[in-house]
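The values are calculated or read from the model by the stated rules, or taken from the named source; none is laboratory data. Predicted, not measured: the structure shown is a model, and the values here were computed from it. Backbone-built Cβ (ideal geometry, glycine too); neighbour counts: all protein chains shown.
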Amino acid sequence: MVTKMPDVRYAHIDAESHLELVRQLDIRSTPTTLFLNAAGVEVGRAMGTPKRSQVIAAVEAIR
């Protein structure tokens, strides 16, 4: 999917290795997907594994 959206970046962060970041972002369950705009501001999140259609809709809403 990312290859079809060259302006979209994906990063996987291991929660156990980054507990301070987990606290700062108020992550309460894993997996959690955060959607950030171009300025790095959180504009949405999905707890659990989101469906592909949900991810595409969220990304399109940010653009």
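For region 14-63, taking the residues that are β-branched (Val, Ile, Thr) and farther than 25 Å from residue 4 by Cβ, the one that is modelled with the lowest pLDDT is identified as 30.
So, of the residues in region 1-49 that are assigned to a strand (DSSP E or B) and polar (S, T, N, Q), which turns out to be surrounded by the fewest Cβ atoms within 10 Å (Cβ to Cβ)? Before you say what the answer is, go through the steps one by one.
Let us first name the residues in region 1-49 that are assigned to a strand (DSSP E or B), namely 32-36, 42-47.
Among the residues that remain, those that are also polar (S, T, N, Q) are: 32-33.
Details: 32: 18, 33: 15.
Only one residue fits best here, namely 33.
Annotation note: Cβ proximity below 8 Å between a residue of region 5-31 that is under 16 Å from residue 44 (Cβ atoms) and a residue that is acidic (Asp, Glu) and modelled with pLDDT under 95 (sequence gap 6+ or interchain) occurs for 25/42.
Under the condition of being loosely packed, with under 11 Cβ neighbours inside 10 Å and among the polar types (S, T, N, Q), the residues counted in region 50-63 number 1.
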